[in-house]
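Below is one structure, written out as structure tokens; comments come after it.
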Amino acid sequence: AQSVAQPEDQVNVAEGNPLTVKCTYSVSGNPYLFWYVQYPNRGLQFLLKYITGDNLVKGSYGFEAEFNKSQTSFHLKKPSALVSDSALYFCAVRDYGNNRLAFGKGNQVVVIP
Amino acid sequence: DAGVIQSPRHEVTEMGQEVTLRCKPISGHDYLFWYRQTMMRGLELLIYFNNNVPIDDSGMPEDRFSAKMPNASFSTLKIQPSEPRDSAVYFCASSPDRSSGNTIYFGEGSWLTVV
């Protein structure tokens, strides 16, 4: 079964500094990888996804993620963090042919002014 | 598009009462998912439907939980009788066709508190 690991519970970063949220995955076949963001008292919002093609995927709000097959990773990045980026970030994976989306436990990102 | 619409947004109920959560998926989406989010267990898939038919309900906690999708634009998740441990945020989500690369879109959630 597919699974996702988000090793850090919380990521603290100063405003203006680069932000990285880590994710590693496990699937039996080709992975389909997703990042979602959840603001307080809100639902999950789609940020970006990797299906195939370029390993660097660009998404909403200036976020991007890099797919690394050899390291089975899909880290989320933003060159310059904003205070408004403070939220809960979820990595998710879907195995080819499978409609179940497996989520990681989420990472709380705190951007310090 | 209005997105996935859930109701109620917030519900507080007493233990033993029946709870019904409602969902309207995005028009044209063939798949509908019910997720539960708690601090302890994170996001859990409860059940999903394809073209109104339940495909996988292995995540439904127990017989007190039931879900239906009578038509393409409406689904319910029912808890009867409710217990305090059912307190959680329940998300409905939908996605287009079967392609695994399709994005799942979430509603704003139903925040349930059972006292």
**Matching residues in the range B:6-31 - criterion: being within 11 Å of chain A (Cβ to nearest Cβ) and either at pLDDT 95 or above or on the phi > 0 side of the Ramachandran plot (or both)** = B:Q6, B:R9, B:H10
**Prompt:** What's the number of the condition B:L32 fails, among (1) in contact with a Ser or Thr (Cβ under 8 Å, 6 or more places away or on another chain); (2) more than 17 Å from A:R100 (Cβ to Cβ)?
**Reply:** (2)
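Anything in the range B:35-94 that is polar (S, T, N, Q), touching a residue at least 60 places away in the same chain (Cβ under 8 Å) and either in contact with a helix residue (DSSP H, G or I) (Cβ under 6 Å, 6 or more places away or on another chain) or within 19 Å of A:L101 (Cα to Cα) (or both)? List them, or say none. Write out each step before concluding.
Looking only at the range B:35-94, we keep the residues that are polar (S, T, N, Q), and these are B:37-38, B:50-52, B:58, B:66, B:71, B:73, B:75-76, B:80, B:82, B:87, B:94.
When the remaining residues are screened for being touching a residue at least 60 places away in the same chain (Cβ under 8 Å), the result is B:37, B:80, B:82, B:94.
Of everything in the range B:35-94, those that are polar (S, T, N, Q), touching a residue at least 60 places away in the same chain (Cβ under 8 Å) and either in contact with a helix residue (DSSP H, G or I) (Cβ under 6 Å, 6 or more places away or on another chain) or within 19 Å of A:L101 (Cα to Cα) (or both) turn out to be B:Q37, B:S94.
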**Asked** Considering only the range A:55-113, how many residues are surrounded by fewer than 15 Cβ atoms within 10 Å (Cβ to Cβ) and of a type in the set (G, A, S)?
**Response** 6
**Request:** Would you please name the residue that is farthest from B:F91 (Cα to Cα), looking only at residues in the range A:32-45 that are facing chain B (nearest Cβ under 10 Å) and over 14 Å from the mean Cα position of the chain (by Cα)?
**Result:** A:N41
**Complete:** Note on the range B:60-93: residues within 10 Å of the chain's Cα centre (by Cα) and within 14 Å of chain A (Cβ to nearest Cβ) are B:V89, B:Y90, B:F91, B:C92, B:A93
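The values are calculated or read from the model by the stated rules, or taken from the named source; none is laboratory data. Nothing here was measured: the structure is a model prediction, and the numbers come from that model. Every residue, glycine as well, gets a Cβ built from its backbone with ideal geometry; the counts of neighbours run over all protein chains shown.
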